[in-house]
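Derivation of every value follows stated rules applied to the coordinates shown; laboratory data play no part. Nothing here was measured: the structure is a model prediction, and the numbers come from that model. Using ideal geometry, Cβ is built from the backbone for each residue, glycine included, and neighbour counts are taken over all protein chains shown.
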Amino acid sequence: MRREGSPLTGVGVVLAKEAADYLSGARMWLLETLVFLTAIGAAYAAILSIRATIGESPFLFLHLFTMAQDPLPSFISLLGFLIPLVAIAIGFDAINGEFSRRTMSRVLAQPIYRDALLLGKFLAGLLALAIGLVSLWLLVIGLGLLLLGLPPSGEETLRMAGFFVATLAYGGVWLAMAMLFSVVFRAPATAALAALGMWLLFALFWSVLTPLVSTLVAGPPDTVLGPNLAYLQTSQALDRISPNTLYAEIALALLQPTTRALGPVFYSQIQGALLGTPLPAAQSFLLIWPQLTGLVATMIVIFAIAYIVFQRQEIRA
Amino acid sequence: MARASVVRADGLTKRYGAVVAVDHIDLEVGAGEIVGILGPNGSGKTTTILMLLGLTEPTEGRAEVAGFDPLREPLEVKRRVGYLPDTVGFYDGLSARDNLAYTGRLAGLPRLEIDDRFERAMIRVGLPDAGRERVAAFSRGMRQRLGLAEILMKEPQIAILDEPTATLDPHSTNEFLAMIRGLKADGTTVLLSSHHLDQVQSVCDRVALFNRGRIALAGSVSELARQVLGGGHVIDVEVRGPGMADRLRHMAEVVRVQALGPELYRVACARDLRDEIARELASTSALIGLRFAEPSLNEVYTRYFDEARDAA
């Protein structure tokens, strides 16, 4: 059956209202302050340690993101850990909050489709994430300019922009996940717990589970002849189910240009290669393309599931 | 019905698995009418409203609202219908103005017109100075008024009010009912779902009584009284003397006599029997008064469901 009108009618209105809510809400201020302070702390600590090595690397600005200085982890490790939290905080009550406030039927009684409400909220969440990330990115670059006294090169800027897009896609996966739970569970607390449970699973337990499952499926990691390739491939395939792994691989390939591969490499493949020389940016982008596509696809699939579940729900509040 | 119908349902049905929530209902509402939708909880009132709004799909049958099919043309329907759900909710962190500006923009109202319509609507609902206040500070009564202001802002052809006075105190209820009459005066058709039968009777032109997903009865209160109580005319007789109830009961065409007090009797009859009652009683007793009484919707409702329960 064909419906009249565009499903996108009202998306802009929902997006504007929700983005304003997200950006001005106390919850977001609190989380973004946490992310800003820790990330700036990590970048500052990295700057202090790389000032001594100025001139030794053509990618000083990229080191701002990757270098860890005890006791702080690196900037990218912090982002990988905290971005899901921010995304979950944005999305866990996106839909069930409308039910519990009893605003859902009022809003959907206006001439819009449900599509517009869900998409508007999702895009508003992505916009809030993007604004936060851009601010953070500019702060780090400003800090680098101030303390290193050098501007980033064109290639560094390109790699950092790619990293920003990947971070947004990674945040999008968790935002879609949180919104899915907000559609499935009527209680916001349950949705938040479910989303945090998934985050814990991938952030902490996935790396514990994959070796166990890989050993069961493909045998032990080492054989008498050397490393077990089947084990390595199974383990990598399982690892890559986790958005955290995909994001970590993207960060590694983009921010450490000397990275030439993201999986097992045979001697025959590196014959003649100048190890330690950086890859051109285009080659690094080719390297992370499957991971980036995987993140975007995961985000779209999770959003599509949330969309289908939401379309089938009864609107009574 | 002389007036052109703006809401029509033909065999509208909604099933949830094996449960039939709405069972082949036919309904027609004329332009400018106030129609009450009554029935116990779970009788299908809200589901019917949601189908008319295009918020849930009927399993069978079809509806037409303001000339559009809510299933295929829900946006056209929603442009012409204002809806006030029971216990209306707002974004507590936003002001009244921002809440209504949001739904106004969703409704496609021009940006420049929103402020003007908002001011006028807030004056009509008696909240002229509350526009900048956060809704979190609003009482339930104020929230219901704000919900009605949202409908007024939209200037709809049809207003659907789902138990709008359920949480209001008597004073606010009376004011709210006056506002509903104001909607009718504007030419808006109103569908009013409520459990408060006296309120429904005081504002509605007709009522539809839902039972187990079906419309069991529909019509004016007098018509319903005729069907359920057996007498379309109700006369209050104030008379002093012994055995009055029996004397009234034995008169021809009297259907039922109910003692309302020691000297007050309510007589249900098939036609206007005031002259006959006056003649019958005048000679032997002290007749104090005789007046037409509106049949009570409460009585109709109670009797209908008592009989339905007994039959079951």
Task: Alpha carbon centroid spacing (whole Å) that separates region A:9-25 from region B:210-257 - done: 57 Å
Task: On Cα atoms only, tilt of A:188-200 relative to the major axis of chain A in degrees - done: 10 degrees
- [ ] May I ask for the angle, rounded to the nearest 10°, between helix A:75-91 and the longest principal axis of chain A, with both axes built from Cα atoms and the value confined to 0 to 90°?
- [x] 10 degrees
Open item on the list: What is the angle, in °, between the Cα long axis of helix A:281-311 and the longest principal axis of the Cα atoms in chain A? Nearest 10 is fine, range 0 to 90.
Closed with: 20 degrees
Open item on the list: Nearest 5 percent is fine: what portion of the DSSP beta bridges confined to the protein assembly as shown is antiparallel?
Closed with: 70 percent
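Partner chain Cβ atoms within 10 Å, averaged over the residues of B:86-92 - can you pull that number for me?
Working: counts 4, 2, 4, 11, 4, 7, 2.
Average neighbour count from other chains, rounded to a whole number: 5.
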Open item on the list: If you average the C-alpha positions of region B:52-81 and of region B:279-296 separately, how far apart do those two centres end up, in angstrom?
Closed with: 50 Å
Task: FRET efficiency for B:Ser220 and A:Ser24, using Cβ-Cβ distance with R0 set to 41 Å, rounded to 0.05 - done: 0.20
Task: Residue list for region B:88-102, given a label point 7 angstrom along the Cα-to-Cβ vector of B:Asp115 and an amide N cut-off under 16 Å - done: B:96-102
- [ ] Whole Å is fine, so just give me how far the alpha carbon centre of region B:109-182 lies from that of region A:262-278.
- [x] 71 Å
Open item on the list: Run the helix sum for the protein assembly as shown: -39,500 (n - 2.57) per DSSP H stretch of 4+ residues, divided by residue count, reported at 222 nm to the nearest 500 deg cm²/dmol.
Closed with: -17500 deg cm²/dmol
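Can you list the trypsin sites (Lys or Arg not before Pro) in region B:1-83 that are in a DSSP coil and have 16 or fewer other beta carbons within 10 angstrom? Please report the intermediate quantities before stating the final value.
Working: sites: B:Arg3, B:Arg8, B:Lys14, B:Arg15, B:Lys45, B:Arg62, B:Arg72, B:Lys78, B:Arg79, B:Arg80; in loops: B:Arg3, B:Arg72.
The qualifying sites are B:Arg3, B:Arg72.
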